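One structure below.
The values are calculated or read from the model by the stated rules, or taken from the named source; none is laboratory data. Quick caveat: nothing in here was measured; it's all calculated off a predicted structure. Counting neighbours? That spans all protein chains shown, and the Cβs are built from the backbone with ideal geometry, glycine included. Ligands, DNA and RNA are stripped out before the accessible areas are found, and what is left, the full protein with its side chains, is counted by its heavy atoms. Shrake-Rupley method; radii C 1.70, N 1.55, O 1.52, S 1.80 Å.
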Amino acid sequence: MTYLRYAPDIEKPAPDEQETIDSIIAGMTQQSQTVEKREHHAVRASHAKSSACVTGELTVAAGLPPELAQGIFANPGTHPVAVRFAQGPGETLGDRVSTHRGMSIKVFDVPGEKLPGHPVDTQDFVLATGTTFPSGTAAGFLRDGTVIGKSTGLPEGIKSAVSSTMRNLNKALHAFGTESALADFFGHPYSHPLADSYFSQAPVRFGDYVAKLGIVSATESQRALSEWRLDPHQDEDGFRHATVAFFRENEVVFELKAQLWADAERQPIEDASVDWPVSISPYRTVATLRLPRQDAYAPDRVRYFDEVMTFRPAHSLAAHRPLGSVMRARLQVYRALSDFRHRENGVAAEDTTGIDRIPA
């Protein structure tokens, strides 16, 4: 297999991209203001409701082939990590509104050249359910974000109905051997967060190469959760309760995988809505994430994760620079919305320097 090499000119920004990004920031800030007025507190504009806040270790595999031994994965070894699992909406909703999910990983003790504005030796991987980002580009991000923004003030019952419709649509599509990334985005199954897989959705630089990243469960106890389904009528915070209960009794293990770029036509850099076929380039394991048994929702730790800590694509080695239209937007959008949230709450944001900063 021949893999394509990274070069700065593989990105092709649209001429009006900065104007589009500025509009995304304005729209999502307005959305956050609407939520803050209702909740009397500013929350994350995406993935506001956490379900677990945990620590563990990321072990880079030994003996990786040269194309995988890149960036943070160039040398075998173990790094401390902090991981936050959360529901997708940028507001605190009951779990009957089951949309996409997020998994944010902060890897510590990562030396090397960083992106501008990130002086700390960490690497963030911000992942979500679904192999693609349905909006595709910054322009699509603005379009879809405008729709979401207009719906923010609607009653929760209407959001629940939309989520239900989207879940049922995907069930119908599955019967015909297909699916809709957009339907899953707004109507993810009532599945267990620790049985789900999570993806970068858009590409990142992978040292000399380019890749999309994915993380999948790696223990029998997690795979046994594949048939678990929440009854939200019994528990509107059921995803959190199920996740915390599992962590209380079990170690959680994921395999971190890279899907390398091999075909510029069928694996586009600028359109994150296109699924990269695994027939062209499969996901290959580069590291193992181990999260030991622990209290996954200790109050002091949750406050630190939810109120103080920041997870951003921009917290990155230069060797893992986010790529493409959506990622370039995220580099600015995440910072602007984080600044808004911390300013409104009177909390100083922290680009966490080490695992010792995280409450036990």
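Among the residues of region 93-138, those that are in a strand (DSSP E or B) and either open to solvent by 20 Å² or more (accessible area, probe 1.4 Å) or of a type outside the set (A, V, I, L, M) (or both) comprise Arg101, Gly102, Ser104, Lys106, Phe108, Lys114, Thr122, Gln123, Asp124, Phe125, Val126.
Matching residues to (1) under 18 Å from the mean Cα position of the chain (by Cα); (2) at pLDDT 95 or above; (3) open to solvent by 40 Å² or more (accessible area, probe 1.4 Å):
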| site | (1), (2), (3) |
| --- | --- |
| Pro203 | yes, yes, no |
| Glu251 | no, yes, yes |
| Glu255 | yes, yes, yes |
| Asp271 | yes, yes, yes |
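Look at (1) more than 20 Å from Val97 (Cα to Cα); (2) part of a loop (DSSP other than H, G, I, E, B) and you find that Gln259 fails only one, number (2). When you go through (1) at pLDDT 95 or above; (2) touching a Pro at 6+ places or on another chain (Cβ under 8 Å); (3) among the polar types (S, T, N, Q) one by one for Ser46, which number turns out not to apply? Among (1) at pLDDT 95 or above; (2) touching a Pro at 6+ places or on another chain (Cβ under 8 Å); (3) among the polar types (S, T, N, Q), the lone unmet condition for Ser46 is (1). Of the residues Ala272, Ala329, Ala287, Ala264, the single one that is in contact with a helix residue (DSSP H, G or I) (Cβ under 7 Å, 6 or more places away or on another chain) and closer than 30 Å to Gly63 by Cα is Ala287. So which residues in region 296-344 are in a loop (DSSP other than H, G, I, E, B) and closer than 19 Å to Val120 by Cβ? Scanning region 296-344 gives Thr310, Phe311, Arg312, Pro313, Ala314, His315, Ser316, Arg321. Restricting region 10-56 to residues that are hydrophobic (A, V, I, L, M, F, W, C) and assigned to a loop (DSSP other than H, G, I, E, B), the residue that is surrounded by the most Cβ atoms within 10 Å (Cβ to Cβ) is Ala45. Residues of region 205-249 that are among the charged types (D, E, K, R) and either in a loop (DSSP other than H, G, I, E, B) or crowded, with 16+ Cβ neighbours inside 10 Å (or both): Arg205, Asp208, Lys212, Arg229, Asp231, Asp235, Glu236, Asp237, Arg240. The numbered conditions (1) assigned to a loop (DSSP other than H, G, I, E, B); (2) without any contact (Cβ under 8 Å) to a residue 40 or more places away in the chain; (3) open to solvent by 30 Å² or more (accessible area, probe 1.4 Å) are all true for Ile280 except (3). Just one of the listed residues (Val286, Val308) is modelled with pLDDT of 95 or more and buried (at least 20 other Cβ atoms within 10 Å of the Cβ), and it is Val286. Tell me yes or no: at least one residue of region 62-77 is surrounded by fewer than 17 Cβ atoms within 10 Å (Cβ to Cβ) and in a strand (DSSP E or B). Yes, the conditions are met somewhere in region 62-77. Among the criteria (1) part of a strand (DSSP E or B); (2) among the hydrophobic types (A, V, I, L, M, F, W, C); (3) within 20 Å of Val204 (Cα to Cα), the one Phe85 does not fulfil is (3). Among the residues making up region 65-118, those that are modelled with pLDDT under 95 and aliphatic (A, V, I, L, M) are Leu93, Val97. Look at region 181-231 and say how many of its residues are polar (S, T, N, Q) and in contact with a Gly (Cβ under 8 Å, 6 or more places away or on another chain). Qualifying residue count, region 181-231: 3.
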